[in-house]
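Let me begin by presenting the structure, written as structure tokens, before commenting on it.
The values are calculated or read from the model by the stated rules, or taken from the named source; none is laboratory data. All of these numbers come straight from a predicted model, not from anything done at the bench. Quick reminder, even Gly has a Cβ in these numbers, built from the backbone with ideal geometry, and neighbours come from all protein chains shown.
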Amino acid sequence: MIDAIKLASNEAPFGPLPSVATEISAGIATVNLYPDHGAAALRAALARVLGVDVESITVGAGSAGLLQQILLAYVSPGDPVAMCWPSFEAYPLFAQLVEAEQVRVPLRDETFDLVALAGAIDERTRVAFVTNPNNPTGTVVGTDEIAELLRSVPRSCVVVLDEAYAEFVTDPRVTDSTELLGDFSNLVITRTFSKAHGLAALRVGYAIGHPEVIGMIDRTLVPFAVNALAQRAARASLAAIDDMRIRVDEVVAERGRITGALRELGWNVPDPQGNFIWLPLRSSATEVGLALERRGIVARVFDDVGVRVTVADPPSNDRFVAALIDAAREARITPHEPAAP
């Protein structure tokens, strides 16, 4: 039996920092008590780190939980919700939940086409998603481009800037998006402790926006959605943010190493800015995904679109590259040849 490696969910290749693990352990003695519903201490810590007012911060059960809250707060049945596609798979699920009309705009060169997205938004559109870096393709758009989008859409449309992988971005075109909040009251930024902080199982994320928008989101917060251990862990991880960034740098270095190796082999790899690599294999995606799985590499396959692979520890990454070479040979794919549409 082949020992399988899961590289399908963009999980961190490390657990919580030692100081964070200590804080989690210390909190076990009080799990018989309900947590602070509003997570006031965590909101205050986030406000200090981000340099914003505490009224501009909310927390939720991961950034995915906050995305669902936003749609529940702003969208009624039949209202349009706009996004580029393919992108985060939860968007359509949450849109279906509120019976929204989904407006999908194709990516351009594996990247969000913000001009086309702006053209698809009208006075009826209640929410638009911008995923930066995009999941699954890992590409980014510049902060100036996002500002231009915000200038061109109605203020009645809430623009959600989903930055779940923000800590891994190295592209200089992407700058601090919180600086846009002063000019655009319809912008809300969502981030998470699941990826760079290595706290995926605890489900804690946060949103930054105008106090009125934050108040609307808070109306849909399930009681005690962010548990006490998650709140403690998130605060401790913020206190050790420099150590977190060292580990992120290690992931980014591995990302560059593996991307370089794949490109030397002839693979078309878009510039990755998350903690994963994207192979735009089109019609060969499913076949290659199955071939990788037979070799013990469980990647995320998007049928007829591509394969997304998490950047893990060096041995796992090396095993993935070797498996991909074999999988391509089995599927009779020549990496430098464009995949069929």
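Data table
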read-out: Wholly within the stretch 1-97, helices (runs of 4 or more DSSP H) carrying at least 1 residues that are in contact with a strand residue (DSSP E or B) (Cβ under 8 Å, 6 or more places away or on another chain) and either surrounded by 13 or more Cβ atoms within 10 Å (Cβ to Cβ) or of a type in the set (D, E, K, R) (or both); value: 40-50, 62-74, 90-97
read-out: Residue check for Ala95: under 26 Å from Thr170 (Cα atoms) and either touching a helix residue (DSSP H, G or I) at 6+ places or on another chain (Cβ under 8 Å) or not assigned by TED's automatic domain parsing to the domain that holds Asp162 (or both); value: no
read-out: Restricting the stretch 301-341 to residues that are hydroxyl-bearing (Ser, Thr, Tyr) and modelled with pLDDT of 95 or more, the residue that is farthest from Ala4 (Cα to Cα); value: Thr310
read-out: Any pair with Cβ under 6 angstrom, 6 or more apart, that starts in the stretch 276-288 at a residue that is over 18 Å from Ala312 (Cβ atoms) and touching a residue at least 60 places away in the same chain (Cβ under 8 Å) and ends at one that is buried (at least 17 other Cβ atoms within 10 Å of the Cβ) and among the small types (Gly, Ala, Ser); value: Pro280/Gly306
read-out: Options Ser177, Ser194; residue that is of a type in the set (Gly, Ala, Ser), at pLDDT 95 or above, out of contact with any His (no Cβ under 9 Å at 6 or more places or on another chain) and more than 30 Å from Pro154 (Cβ to Cβ); value: Ser194
read-out: Residues satisfying the stated conditions in the stretch 67-115, i.e. touching a Ser or Thr at 6+ places or on another chain (Cβ under 8 Å), among the polar types (S, T, N, Q) and over 19 Å from Gly205 (Cβ atoms); value: Thr111
read-out: Hey, Pro86 free of Cβ contacts under 8 Å to residues at least 12 places away in the same chain and of a type outside the set (A, V, I, L, M, F, W, C) or not; value: no
read-out: Counted residues, the stretch 124-181 - those being among the charged types (D, E, K, R), within 26 Å of Val251 (Cα to Cα) and surrounded by 17 or more Cβ atoms within 10 Å (Cβ to Cβ); value: 3
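Okay, residues lined up against (1) at pLDDT 95 or above; (2) crowded, with 19+ Cβ neighbours inside 10 Å:
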| residue | (1), (2) |
| --- | --- |
| Ala207 | yes, yes |
| Met244 | yes, yes |
| Asp249 | yes, no |
| Ala253 | yes, no |
| Gly266 | no, no |
| Ala299 | yes, yes |
